[in-house]
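One structure is given here, and the rest of the page talks about it.
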Amino acid sequence: MILRLAVLLVSLSSLLAARHDTDTSYSRLRFEGDAVSRLEWTLRFDGHDLDRVFQLDSNRDGFVQTEEFEASLGRIRSEIEAGTSCRINGREIPFRAESSSLVDDPSGSVFLDLQQTIALDSSPRKVSIELALFDRFGEWHRHLLTLELGPEIHQDMLTFDRSRFTVTLDSTRPPLERAAEQLDEGFFGILLGPDQWLLLAAILLIARSRRELWVPALGWAGATVVAIGLGALEIEWLGERVLRSGMALSIVYLAVENLFAPAPAQRLPVAVLFGLVHGLAVGRALFSSGLSEFGRPWAVAGGWVGATTGLLVLLAVVWCLGRRWRGLPWKPATLMSVGVGLLGSWLFVDRFFGA
C-alpha cells in the first residue's frame, strides 16, 4: 500500500513541477454606446517580455531605452497583429493597432499599449477572441483578457493550450436561462467526456462483487461532486492543463494497478483522490470561461446540478451492469485493462505535451 501511494505521489508531483513562473500580457475590450456601436481594444505588454522576445536592447547595456523601443515598434506591432484576432457575430475583425504608447509603471516597468477602435454595424451577441501570441512569446506566457459591456465584466486567463475565449453578451438574459445553459453543459460534459467512462471501466474490470465495485465507484463520485463546486473558485495554480492531465494519469494508474489485483479496501482512498482531481477539472472547465458576475451564482448552481445529474446517470449505468457482475476471467480483464491504460496514456500525452 505504501509503495503504491509513493508511486502515485511521484506521478502527481510531475504535474505540479510543470508549473513555472510565467510572463503576462493584458488586453481590455470595452463596448460603448447606447446601441453598442463601438469597440475599444487595448493590448498591453511588459517591456521586459518584449525585450526577451524581440531583443530590443541593441547596445547590450541591460536597459531598453525609449529610442530602442521606437526603432523596433513597427516589427513588434506587425507580429502582435498577426497573432491576434476577434470574431463578433460571425464577422472576423483582425487587430490593427491605430495608436501606440509607452507607459511608465510606478514599479519601474515600462509597458507598451496598443489601441484600436472598431465601429460595429450591429450589437454583439457573441464575441470570440483568439490569440496565437503564445507561439512567439513561449509556452508559459499568460494573457489576462477583460471584456466589458455595460454592467457585465468577463475575465479569462488565456494560455498556450487554451488560446480562445468565447462569451455570449446579453445582460438582459434572465438568471434562470443562464442556469439552464450551464446545467445542459455540465450534464453533457460529464456524459460525453471519456475520462469518467474509462475510470469506471478500470474499476469495473477487476471487481468480483458488488461491494468491490461500489465502494471505489461511490467514493470517486462523491469526491467528484464536491470538487466540481470547488472548481468555481478558479484556483489559479491548478491550471486546466495540469488538471486534465491528472485526469488521464488517474486512468493510467488504475489500469496498471489492475494488473496486480489490488485489495478493494485499498482502492477507496485512491478513488477519492482521483475524484477530487476529476471534479476540479470539470468545475474549472464549466466555470472559468464566459461567466460574468451578473447571474454567476445561478450559472454555477446550474452547472453543478447538471454535472451531478450526469454522474448519477453514469452510476445508474454501472448499477445496471453490476447487478449480477461477478468479474471477468483474469486474461480478458488484463487485456482490457491494458487497453484502458493505453487510452489513458494517449490522453495524458495529448494534454500534457500539447500533442
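Laboratory data are not the source of any read-out in this text; all were calculated from the coordinates shown. None of these values were measured; they are calculated from a predicted model. We place every Cβ from the backbone using ideal geometry, glycine too, and count neighbours over all the protein chains shown.
In a DSSP loop and with at most 16 other Cβ atoms within 10 Å, the trypsin sites (Lys or Arg not before Pro) in region 124-169 are Arg125. The orientation-averaged shadow of the Cα convex hull for region 37-82, equal to a quarter of the hull surface, comes to 3.9 nm².
Give, rounded to the nearest 20 debye, the magnitude of the charge dipole that region 24-172 has about its Cα centre when Lys and Arg contribute +1 at Cβ and Asp and Glu contribute -1 at Cβ.
Numbers: 17 positive and 27 negative charges, 114 e Å.
Here region 24-172 has a charge dipole of around 540 debye.
Projecting label points 7 angstrom from Cα along Cα→Cβ for Thr117 and Arg30 puts them 1.2 nm apart. With Cα atoms as the point set, region 176-352 shows a radius of gyration and Dmax of 16.4, 55 Å.
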